[in-house]
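The values are calculated or read from the model by the stated rules, or taken from the named source; none is laboratory data. Computed from a predicted structure; not experimentally measured. Every residue, glycine among them, receives a Cβ derived from its backbone with ideal geometry; neighbour counts consider all protein chains shown.
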Amino acid sequence: MADTVAEVIVEQIKRAGVQRVYGIPGDSLNGFTDALRLDGTIAWTHVRHEEAAAFAATAEATLTGELAVCAASCGPGNLHLINGLFDAHHSRVPVLAIAAHIPAPEIGSGYFQETHPEQLFRECSAFCEMVSTPEQMPRLLDVALRTAVEKRDVAVLVVPGEIFLKPSPKRRAGAPIRAIPRISRPTDAEIRRAAAQLNGAEKVTILAGAGVQGAHDTVVELASALQAPVVHALRGKEFIEYDNPYDVGMTGLLGFSSGYRAIEKCDTLLMLGTDFPYQQFYPSKAQIIQVDIRGEQIGRRTPVDIPLVGSVADTVEALLPLIDRDRDSEHLTSSREHYRKARRRLDELADNDRNRSPIHPQYLARLVSENATGNAVFIPDVGSPVVWAARYLTMNGSRRLIGSFSHGSMSNAVSQAIGAQAAFPGRQVIALAGDGGLAMLLGELLTIVQNKLPVKIIVFNNSSLNFVEVEMKAAGFVNYGTDLVNPDFARLAESVGILGRKVESADGLESAVAEILAHDGPALLDVTTARQELSIPPTITAAQAKGFTLYALRTVMSGRGDELVDLAETNVFRRLFD
């Protein structure tokens, strides 16, 4: 039977299914880490930066759907968790953060390393409270765990260091805190109202997001019944793109034209489990039906005519029997044809390009997809790796694609790969790292080695903050402050015990990708990719066209016309000669 507050925490998270805790030890956290040591059944996964601990916990929770835990010491220690916890909060995954605090009698005195974590973490959590006395335990922990699991969100428990060592009151243990199964769908009347709208529509398009997880076959059946093209948001790609003859690609800034047009031309848009944020990509005149398990999410991005609160799986299952199936297929047929042409143009860019250097990142992404295992976990860094992952990685129902897709933080790939690999040691985990993202938390290479994690790291090395440069071009700014002076990442990896390879020309890329992904242990492939590769969104606004023209003029006038030559050679000339 647990005696101290720290031992109660360890016992309760173990009953909740937690198998490891990510973090860095520190004096105020010693009571907790020693309780882990004495228990011996929950692994302590030591990282080199607390931000990586929170990112790793986020990745584990995303892949397992279960609670994950990170911990940090007082002041700067737990403050470093905040970026990764924001990612978990925005991604809606259950994470418990144990934030150690300065001694309770010193709070408010300006003590060494003093912060106010119960205030700092409030914005990125559904629950954040301080354990001021042992008598609050273990009830407060139960509330934290239940909130994290049921709201699929972050819970933060702030504990002054000496409280960990205090005797905890006895409390009868209830059922282990795990997600409670339930059926969640709208009323029959609301289902009938949605069915009437869909049956009366001529051109229905489905926009599918992360909420379609677990509902693939039902959504595909609905698309068949409606003769509706299915457009996926980025977080929906892994759950609905595969084995789906109705999929017509992605929309948004990272998408391509077929997805955008399928939404633009519909008269009814059915949004399934998506909080797709970009208002400019929604139709201006269509009727909109939105299904979301969180009612407060409905209508946040665009006006909604029929709101339906419930899970996608339960709602679509109730809706299907009411759908008339004798429908015209013209909208679906034209959307499919548009997708076929758009997909062909994208695939034509993902080639060797006559061994030209630097290498086109599309080709690298395609080779990674072709050589990865059937159940690989792909984790791209925010920026250009996300673009190439969205467009060139093939999903199959077993592969996973996760990342900082809602929070949008740099340096997520390697840190999240740590959590993914720790949770699934026998599964292939591939971090698609930007050179800027990798360098930001470079110390996590040591975490990979220390914890013996066979993570595979593919570095898109273009010596720049590449996606920022694209944004600057679109806004009319001359690129400034985006250069990166990088080391040889392959040699650096070798120096810490990771297999490293570097490739600068396309002819050697395929064999290098195959070698890295097949290696029995951690490995890093440093690939010199084209800095001036443009990722064109599916629709260009007048402001973006004007901005790009201004960028070209200002670049020439600033004496950097060679950049325009590189840009044309990388993008325009290649398309003319292919």
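Summed over the stretch 198-242, residues that are assigned to a helix (DSSP H, G or I) and either of a type in the set (V, I, T) or touching a Ser or Thr at 6+ places or on another chain (Cβ under 6 Å) (or both) total 5. Residue pairs whose Cβ atoms lie under 6 Å apart, sitting 6 or more positions apart in sequence or on different chains, and linking a residue in the stretch 57-80 that is in a loop (DSSP other than H, G, I, E, B) to a partner that is among the charged types (D, E, K, R) and at pLDDT 95 or above, are H80/E50; H80/E51. Against the list (1) within 25 Å of the chain's Cα centre (by Cα); (2) more than 24 Å from R345 (Cβ to Cβ); (3) in the same structural domain as Q280 (by TED's automatic domain parsing), the condition E202 fails is (1).
For the stretch 308-336, enumerate the residues that are out of contact with any Leu (no Cβ under 9 Å at 6 or more places or on another chain) and part of a loop (DSSP other than H, G, I, E, B). Passing the criteria: G310, S311, D326, D328, S329.
Flag: T373 does not match the condition of being of a type in the set (S, T, N, Q), surrounded by fewer than 23 Cβ atoms within 10 Å (Cβ to Cβ) and in a helix (DSSP H, G or I). Considering only residues that are surrounded by 20 or more Cβ atoms within 10 Å (Cβ to Cβ) and assigned to a helix (DSSP H, G or I), which ones fall in the stretch 464-473? Those that are surrounded by 20 or more Cβ atoms within 10 Å (Cβ to Cβ) and assigned to a helix (DSSP H, G or I): N466, F467, E469, V470, K473. Only residues that are assigned to a loop (DSSP other than H, G, I, E, B) and under 22 Å from V18 (Cα atoms) were counted in the stretch 163-181, giving 13.
Would a scan of the stretch 541-551 turn up a residue that is over 23 Å from R391 (Cα atoms), at pLDDT 85 or above and among the charged types (D, E, K, R)? Within the stretch 541-551 (the criterion being over 23 Å from R391 (Cα atoms), at pLDDT 85 or above and among the charged types (D, E, K, R)), the answer is no, since none of the residues qualifies. In this structure, is V368 buried (at least 24 other Cβ atoms within 10 Å of the Cβ), of a type in the set (A, V, I, L, M), more than 14 Å from the chain's Cα centre (by Cα) and in the same structural domain as E469 (by TED's automatic domain parsing)? So V368 fits the description; yes. When you check P186 against the structure, is it out of contact with any helix residue (DSSP H, G or I) (no Cβ under 8 Å at 6 or more places or on another chain), under 30 Å from L320 (Cβ atoms) and not in a helix (DSSP H, G or I), yes or no? In short, no. Right, Y392: surrounded by 21 or more Cβ atoms within 10 Å (Cβ to Cβ), more than 20 Å from N461 (Cα to Cα) and not acidic (D, E) or not? In short, no.
Answer with yes or no whether R356 is under 23 Å from Y392 (Cα atoms), over 26 Å from the mean Cα position of the chain (by Cα) and outside any helix (DSSP H, G or I). Answer is yes for this residue.
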